[in-house]
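Trainee: Okay, handing you the structure first.
The values are calculated or read from the model by the stated rules, or taken from the named source; none is laboratory data. This one's a predicted model, so the numbers in the text were calculated from it and none came from an experiment. Cβ atoms come from the backbone with ideal geometry, glycine included; neighbour counts cover every protein chain shown. For accessibility, only protein heavy atoms count, side chains too; no ligands or nucleic acids. Shrake-Rupley method; radii C 1.70, N 1.55, O 1.52, S 1.80 Å.
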Amino acid sequence: MAEQADIGVTRLAVMGRNLARNFARHGHTVALHNRTEARTQALMAEFGGEGNFVPTESAQQFVASLARPRRLMVMVKAGAPTDTVIDEFAPLLEPGDMIVDGGNAHFADTRRREAALRDRGLHFVGTGVPGGEERALHGPSIMPGGSAEAYASLGPLLEDISAKVDDEPCCTHIGPDGAGHFVKMVHNGIEYADMQLIAEAYDLLRRALGMTPARIAEVFRTWNQGRLESYLIEITAEVLGHTDAATGKPFVDVVLDQAEQKGTGRWTVQTALDLGIPVSGIAEAVFARSLSGHADLRDASQGLPGPAGRSLGGSAAESFTDDVEQALYASKIVAYAQGVHQIQAGSQEYGWGIDPGAVAKIWRGGCIIRARFLNRITETYSGTDQPVTLLTAPYFREALQAAQDAWRRVVSSAAELGLPAPGFSAALAYYDALRSPRLPAALIQGQRDFFGAHTYRRTDRDGAFHTLWGGDRTEQSA
Ligand code: NBP
């Protein structure tokens with residue numbers, strides 16, 4: 001009888017192929033399957049020597065090659081193809097077997113699939129796998145949902161192939177059903193915000209100070225030695241320092257300035273709206289990409305007036321680079337605070353019991369937002385005295401205290417110079433709104449009651465009230 005595989009991977013495009021190789025490199029026997037057999041053969045021809053692979057030619061052969069309970073990983077294009085693959089394999093599996101979806105599925109689809117397969121005695125583990133093909137091979141952060149029972153069987157394998165930071169795996173059981181894909185979605189939303197903030201920092205240094213991309217690359221390299229140390233800051237320096245071979249110009253100047261997106265940022269914002277969670281930093285990042293792509297709108301707006309002053313001068317210029325570092329750090333803290341808030345809200349809504357500290361811990365390696373400061377989030381949520389918002393945790397409160405003057409200078413300089421900084425501005429507005437003892441929401445309630453008799457609550461007594469705006473303006477209990 002042929003060797004029984006510890007895990008099987010079906011669909012061997014870039015992600016599936018590299019995850020299969022990663023399992024094999026860690027000593028696991030991996031069954032391989034693909035709709036078009038050529039991919040399986042190509043993997044065997046090129047990488048068959050890297051470990052124990054069991055290439056298979058049909059779904060039946062694939063399933064038969066797996067040790068029980070069967071662990072079957074699906075790395076398919078997210079959406080309808082995922083259902084197609086589930087429908088192909090579920091009838092061949094037995095109670096206790098598990099299907100692991102490592103694609104970028106929407107968490108609501110994962111919840112639906114998990115419930116349907118649970119009814120048939122099968123485990124369905126929706127798993128976030130960020131970082132692209134390179135991390136899939138060399139160690140991604142892994143965010144599995146699904147049942148604790150499935151994790152007990154699957155977790156050790158996933159932990160083996162995950163990134164390691166301080167010898168700890170960047171993989172943990174996030175929570176039941178769609179929790180893993182939900183957290184992966186918010187991870188991507190935070191990634192959008194982080195990238196937007198970095199892009200704004202670059203733009204301000206370039207246009208307010210007139211610095212060259214090469215010089216700004218140096219600034220980012222310096223920042224990467226400090227508290228901003230992260231993968232995104234590191235690669236930003238690389239991109240800004242790169243020269244286009246064809247023209248000799250800075251690479252960033254020959255790239256069309258229209259940012260694309262695959263949709264996970266949009267999902268994050270849509271879900272946040274449904275949950276009623278203000279993730280303004282993430283939303284501004286999604287909108288900024290969207291705005292960049294509206295070439296016609298931008299073309300039509302070129303003649304609109306802006307301020308006369310075109311760059312900073314004098315003493316303001318000297319300290320501006322440091323100010324931008326502070327604004328970037330403070331805004332980044334806000335973006336993570338908003339993301340954590342959304343994770344907590346999702347966890348509450350769906351009863352997932354997600355530990356934000358454990359999530360931050362597994363984001364320290366193997367994903368795009370890996371960063372030094374994630375340790376601080378883990379610390380924040382490891383004690384019993386957990387803050388309502390990350391912003392009030394002692395470390396972050398102090399960082400915001402130290403940064404806020406610079407942050408305000410950057411946002412006001414951007415406005416004065418006519419330079420867009422939606423991420424920095426939205427983050428600061430969020431911070432100031434939370435700090436405000438009173439918000440103009442009271443006036444909005446008054447307006448709503450005036451035009452629609454929507455009622456309002458009072459500060460001094462319980463109940464709902466309505467004022468007879470069209471009559472004698474007496475107040476009634478509603
Ligand atoms: P793709 O998403 O491009 O495709 C993976 C496989 O989907 C292909 O091998 C193909 O199988 C199969 N497939 C397609 Br396309 N349509 C199908 C259908 N209608 N029915 C059944 N199978 C179908 O591969 P990938 O880039 O490796 O990504 C895999 C998953 O990982 C996706 O969900 C993606 O969002 C996620 N992801 C990707 C990255 C990345 O950097 N690429 C990063 C993070 C997450 P075939 O070979 O038999 O035609």
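Trainee: If you find the alpha carbon centre of the stretch 226-269 and of the stretch 61-111, how far apart are they in angstrom?
Mentor: A separation of 35 Å, based on Cα centres.
Trainee: How many percent of DSSP beta bridges within the chain run antiparallel, rounded to 5? Please list the in-between numbers first.
Mentor: On the way: 11 of 31 bridges.
Taking every DSSP beta bridge within the chain, about 35 percent pair in antiparallel fashion.
Trainee: Still on this structure, I have one more. Can you give the relative contact order of the chain as a percent, counting alpha carbon pairs under 8 Å and 6+ residues apart? Let's see the in-between values first.
Mentor: Working: 824 pairs, mean separation 58.1, N = 478.
Taking the mean separation of contacting Cα pairs over the length of the chain, I get 12 percent.
Trainee: From zero outward in steps of 10 Å, how is the percent of C-alpha pairs of the stretch 360-478 spread across the bins?
Mentor: In order of increasing distance, the bins hold 11, 24, 24, 21, 16, 4, 0 percent.
Trainee: Any chance you could check the Cα centroid distance between the stretch 303-360 and the stretch 421-478 for me, in angstrom?
Mentor: Centre-to-centre (Cα) distance: 27 Å.
Trainee: What 222 nm value per residue comes from the helices of the chain, counting each DSSP H run with n ≥ 4 as -39,500 (n - 2.57) and dividing by all residues, nearest 500 deg cm²/dmol?
Mentor: Details: 20 runs with 262 residues, N = 478.
Rounded to the nearest 500, it is -17500 deg cm²/dmol.
Trainee: Here is a further query. Mean Kyte-Doolittle hydropathy of -0.5 or higher plus an axial Cα length of 20 Å or more: which whole DSSP H helices in the chain meet both? Let's see the in-between values first.
Mentor: On the way: long enough: 179-209 (44 Å, 0.15); 314-350 (54 Å, -0.28); 394-417 (34 Å, -0.28).
The answer, listed by residue number, is 179-209, 314-350, 394-417.
Trainee: Compute the label zone of GLU234 within the stretch 176-209: residues whose backbone N is under 18 Å from the point 7 Å along Cα-to-Cβ.
Mentor: Residues passing the 18 Å test: 191, 194-195, 198.
Trainee: Another question, then. Note the full-extension length gain between PHE450 and LYS249 as 0.36 nm times their separation in residues minus their Cα-Cα distance, in nm to one decimal.
Mentor: Details: separation 201, 0.36 × 201 = 72.36 nm, distance 5.91 nm.
The PHE450-LYS249 span can extend by a further 66.5 nm.
Trainee: Turning to a different aspect of this structure: Between ASP472 and THR84, what is the spin-label point distance in nm, taking each point 7 Å from the Cα along the Cα→C-beta axis?
Mentor: According to this spin-label approximation, the distance is 7.2 nm.
Trainee: Measuring with a 1.4 Å probe in the full set of protein chains, what accessible area per residue, in whole Å², belongs to the stretch 6-59?
Mentor: Numbers: 2210 Å² over 54 residues.
On a per-residue basis, 41 Å².
Trainee: With only alpha-carbon pairs counted, each pair once and no self-pairs, how large is the Kirkwood hydrodynamic radius of the chain in angstroms? Display every interim value, and only then the final one.
Mentor: Working: mean 1/r = 0.0404 Å⁻¹.
Taking every pair of different Cα atoms in the chain, averaging 1/r and inverting gives 24.7 Å.
Trainee: Hey, another quick one. Size of the dipole of the chain about the Cα centre, Lys and Arg at +1 and Asp and Glu at -1 on the beta carbon, nothing else charged, in debye to 20?
Mentor: On the way: 45 positive and 57 negative charges, 89 e Å.
Roughly 420 debye, rounded to the nearest 20.
Trainee: Continuing with this model, one more query. Just to confirm a number: summing +1 for Lys and Arg and -1 for Asp and Glu over residues other than HIS173 whose beta-carbon lies under 11 angstrom from that of HIS173, what do you get? Working shown, then result.
Mentor: Values: positive: none; negative: GLU149, GLU159, ASP355.
Taking every Cβ under 11 Å from that of HIS173, the sum is -3.
Trainee: While we're on this one: Can you give me the distance in nm between label points at ALA108 and GLU133, each placed 7 Å from the Cα along the Cα-to-Cβ direction?
Mentor: 3.2 nm
Trainee: Now a separate question. Net charge within 13 Å of PRO394 by Cβ-Cβ distance, Lys/Arg positive one each and Asp/Glu negative one each, not counting PRO394 itself? Working shown, then result.
Mentor: On the way: positive: ARG376, ARG397; negative: GLU379, ASP385, GLU398.
Around PRO394, the surrounding residues sum to -1.
Trainee: Continuing with this model, one more query. What part of the accessible area of the chain, given as a whole %, is carbon or sulfur when the probe is 1.4 angstrom?
Mentor: Working: 11340 of 22310 Å².
Here it works out to 51 percent.
Trainee: If R0 is 41 Å, what FRET efficiency do you get for GLU218 and ALA38 from their C-beta distance, rounded to 0.05?
Mentor: Working: r = 47 Å, r/R0 = 1.14.
For R0 = 41 Å, the calculated efficiency reads 0.30.
Trainee: What is the spin-label model distance, in nm, from GLN401 to ALA317 if the labels are put 7 Å beyond Cα along the C-beta direction?
Mentor: For GLN401 paired with ALA317, the spin-label model returns 3.5 nm.
Trainee: Considering only DSSP beta bridges with both partners in the stretch 5-150, what is the antiparallel share in %, to the nearest 5? It would help to have the intermediate numbers written out before the result.
Mentor: On the way: 2 of 21 bridges.
The antiparallel fraction comes to roughly 10 percent.
Trainee: Just add up the charged neighbours of GLY96: K/R +1, D/E -1, any other residue whose Cβ is under 10 Å from the Cβ of GLY96. Walk me through the intermediate numbers first.
Mentor: Working: positive: ARG68, ARG70; negative: GLU94, ASP97, GLU149.
Charge balance in the 10 Å sphere: -1.
Trainee: Let me ask something else. Below 21 Å Cα-Cα, how many Lys pairs turn up in the chain? Only count pairs eight or more apart in sequence, or on different chains, if you could.
Mentor: Step by step, the pairs that qualify in the chain add up to 8.
Trainee: OK, next. Just the number please: accessible area per residue for the stretch 326-478, 1.4 Å probe, all protein chains included, in Å². Walk me through the intermediate numbers first.
Mentor: Numbers: 7740 Å² over 153 residues.
About 51 Å² of surface per residue is accessible.
Trainee: So, by mean Cβ neighbours within 10 angstrom, what's the order for 76-85, 167-176, 361-370 with the highest one leading? Can you show the working numbers first?
Mentor: Values: 76-85: 16.3, 167-176: 21.8, 361-370: 25.1.
Top to bottom by mean Cβ count within 10 Å: 361-370, 167-176, 76-85.
Trainee: Mean separation of Cα pairs under 8 Å and 6+ residues apart, divided by the residue count of the stretch 178-284: what relative contact order is that in percent? The partial results should precede the final answer.
Mentor: Details: 86 pairs, mean separation 33.3, N = 107.
Normalised by residue count, the contact order of the stretch 178-284 is 31 percent.
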